[in-house]
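Taking it in order: structure first as structure tokens, then the write-up.
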């Protein structure tokens, strides 16, 4: 019987310096002002991070998009049909507070500057959360962000419609101020070249409790990225972000979390640590982290949100 080796892995590992070399001649098209608009509340992006990490990623994605378009044309030729435009769909997954949204916005900005695919739409899965009224009726408000809190049938229908080439597809809109779906508000996706889908659980191979479900969000992704960091590091980022939100967004009387606006530093830290432990850490361990190795590219972050290692899935 052949011995199973511990070093067998489906990924190629790159340190930061080795990955940076893969940028080749890809030009830097963003300025410091652009980065200030893109970075998250407690993230400090700089041009070195963009050049070393994200420009090579944008080059890899640009090459992948070209290859996928060639494959699509070849398949259409085989079927004797016309090759219509089908958007390339990129999924970005990872924990709360790990920097998914910033990664998504940064890649949107970089990819839209490549020739051949200027229209890049960004959609978050937050819009497919059930309204608070539904979650409250089900007693599931404390499970918000867990797979069962999403209208997964609607999400699967959305990505299916996008990938089928429909000219116009709508997604619900979520407000982080009200912590709820905005009634009657829609984000319309109109024939994009690329769609970036960002969310916690998009890489799950099984999404619906209905055992008859055989189609999942991950089936429609052409490329997937998992943003990763040690649990203790992400916890620190979550607490830091909570403190900043206490001083900004939570001060708005319309905010769902306005009740936290007057917490002292020690009270806010304790509250954030409790929410992290009871909700976000649980979701990370049960549902999010187990999907990490399904991604085609894993970004492993260290302190200050700087990527220190990248794992690229072998073909």
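Ordered by the count of other Cβ atoms within 10 Å of each Cβ, fewest first, 247, 219, 34 give 247, 219, 34. Extension gain for residue 282-residue 270 works out to 2.6 nm (0.36 nm per residue, less the C-alpha to C-alpha distance). Here the sum of -39500 (n - 2.57) over DSSP H runs of 4 or more residues, divided by the residues of the chain, equals -9500 deg cm²/dmol at 222 nm, to the nearest 500.
Largest mean-square fluctuation among 22, 63, 79, in a Gaussian network model of the chain whose springs join Cα atoms under 10 Å apart, belongs to 79.
For the chain, take the longest principal axis of its alpha carbons; what is the angle in degrees between that and the long axis of helix 152-163, to the nearest 10 within 0 to 90? Long axis of 152-163 versus the principal axis of the chain: about 30 degrees. The distance linking segment 24-63 with segment 152-185 is 27 Å (Cα centroid to Cα centroid, whole angstrom). Going by the alpha-carbon gyration tensor, a ≥ b ≥ c the square roots of its eigenvalues, is segment 44-202 rounded (a/c under 1.5) or, if a/c is not under 1.5, prolate (a/b greater than b/c) versus oblate? Oblate, because a/c is 1.5 or more while a/b does not exceed b/c. Contact order, relative form, for the chain: 25 percent (alpha carbon pairs under 8 Å, 6 or more residues apart, mean separation divided by residue count). The length gained by stretching the chain between residue 73 and residue 46 to full extension, at 0.36 nm per residue less their Cα-Cα distance, is 5.9 nm. Between residue 133 and residue 313, residue separation times 0.36 nm minus the direct Cα-Cα distance comes to 60.7 nm.
The numbers here are math on the coordinates, done by the rules we state, and not lab data. Predicted, not measured: the structure shown is a model, and the values here were computed from it. Glycine also receives a Cβ, built like all others from the backbone with ideal geometry; neighbour counts cover every protein chain displayed.
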